[in-house]
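My questions all concern the structure below.
Here, each number is a calculation from the coordinates, and none is a lab measurement. Given the structure is predicted, the values throughout are model-derived calculations rather than measurements. So basically every Cβ, Gly included, is an ideal-geometry build from the backbone, and we count neighbours across all protein chains shown.
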Amino acid sequence: MAVDMNIQELLVIGDSDLLVHQNEFDDALATFPSMIQNPDKNFIDPIPVRNHKQPAYCTHEEETDGKPWFHDIKDYLAKGEYPEHRNHTQKCTLRRLSNHFYHSGGNLYRRTPDLGLLRCVDAKEASKLLKDVHAGTCGPHMNGFVLDKNILRAGYFWMTMETDCVQYVRKCY
């Protein structure tokens, strides 16, 4: 609420005075006063809050470098080496992500909780799957969430499936 009102500084006297139910970020702001003990002052120093212009998640577009989204994961699983010029955080993220994938026969598969495997697809194949499944392969013209589940049931995966399916269905007349 403070970000929407373009408030630069926010003084919270007690956590019971701030009741916000919009999202997890607002809930985290509301719990700060009860988490921090400072016997010298009755207030907490200002916490900088930034409002980003674009969402933190990525959307499915064509790959800009010509490599599929799973290229680094596939190489890491195949060779056991990190890509060049990666920092420590990127290496940790790659190692953590690779635990959910399986490389076999030149293909990369995503492991499911029930020990199934979903074949990872690139942007070109994902676009083709969206068109084919939505047009009638698994029943004609479904909503985005059903489209997502039908593609998963068919055995395919990419990181932004749900978002892409919802956006694709919104464009369909």
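Tell me, in nm to one decimal, what length is gained between N6 and D132 on full extension, where the rule is 0.36 nm per residue of separation less the Cα-Cα distance?
Gain in length upon complete extension: 40.9 nm.
Please give the contour-minus-distance gain from A154 to H100: 0.36 nm per residue of separation, less the Cα-Cα distance, rounded to one decimal in nm.
17.6 nm
Still on this model: Within 10 Å, count the other beta carbons around each residue, average over each peptide in 156-165, 127-136, and list them highest first.
Listed from highest to lowest mean packing, they are 156-165, 127-136.
State the antiparallel share, in %, of DSSP beta bridges confined to the range 59-173, rounding to the nearest 5. Kindly include the intermediate steps, with their values, before the conclusion.
Details: 7 of 9 bridges.
Beta bridges within the range 59-173, antiparallel portion: roughly 80 percent.
If the limit is 21 Å between Cα atoms, which of K91/K128; K67/K149; K131/K171 go over it?
Where the Cα-Cα span goes over 21 Å, the pairs concerned are K91/K128; K67/K149.
Using 0.36 nm per residue of separation minus the Cα-Cα distance, give me the extension gain between D114 and K171 in nm, one decimal. Walk me through the numbers on the way to the answer.
Values: separation 57, 0.36 × 57 = 20.52 nm, distance 3.33 nm.
Result: 17.2 nm gained on full extension.
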